[in-house]
Amino acid sequence: MVFLVLTLLFVVGPIVELYVIIQVSHVIGGWETIALLLIESAIGAWLMKRQGRGTWRRIQTQLQQHQLPTKELVDGGLIIFAGALMLTPGFLTDLLGFLLLIPPTRAIVRAALMRRFSHRLGSGYRLIGGVPGRGFGPRGRAGDVYDTTGHEQAARRGELP
């Protein structure tokens, strides 16, 4: 199955892209086709930069609120993937890249990816000192109070008066 997907991606994909580029060049001309591909790439780079900045701000906001920015990280990965597609010469890859840069269509792809990989990600994972786990900070329910000085544990052991 993986071999079939890779064959389609790396062999059939470029052949189809070349065919589309040749057909477009027959209709509008060779130099115009090259100019159109360059313009599409420039617009894609601008969109990628704009969408990437917005996603970066949302990631920072989530982290400041002590939450793992799961959706935002998936969005960031999709934006990077869209940028790679935009750098690949061709109309079909540019179209797919543009679709991933538009927030409503990216949300559909993000939801499908998160459904597909939710069993691997687990549910409710947050950071504990930079390590994946439950909750932000020591393990426990939200709102629990923890003695970070160690006095409580020392008192239990009888080490404090």
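No value in this document is a laboratory result; all are computed from the given coordinates. All of these numbers come straight from a predicted model, not from anything done at the bench. Quick reminder, even Gly has a Cβ in these numbers, built from the backbone with ideal geometry, and neighbours come from all protein chains shown.
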ask   = How many angstrom separate the Cα center of segment 40-100 from the Cα center of segment 1-38?
value = 23
Residue-count net charge about ARG58 - beta-carbon cut-off 14 Å; Lys, Arg +1, Asp, Glu -1 = +4
inquiry  = Under the rule of at least 5 residues apart or a separate chain, name every residue whose amide H is placed under 5 Å from the amide H of LEU68.
reply    = LEU127
ask   = What list of ³J(HN,Hα) values in whole Hz, one per residue of segment 63-74 in order, does the Karplus curve 6.51 cos²θ - 1.76 cosθ + 1.60 (θ = phi - 60°) give from phi, with Gly and Pro shown as x?
value = 5, 5, 8, 6, 10, 6, x, 4, 4, 5, 5, 5
query = So what is the relative contact order for segment 38-128, in percent, with contacts set as C-alpha pairs under 8 Å and at least six apart?
reply = 30
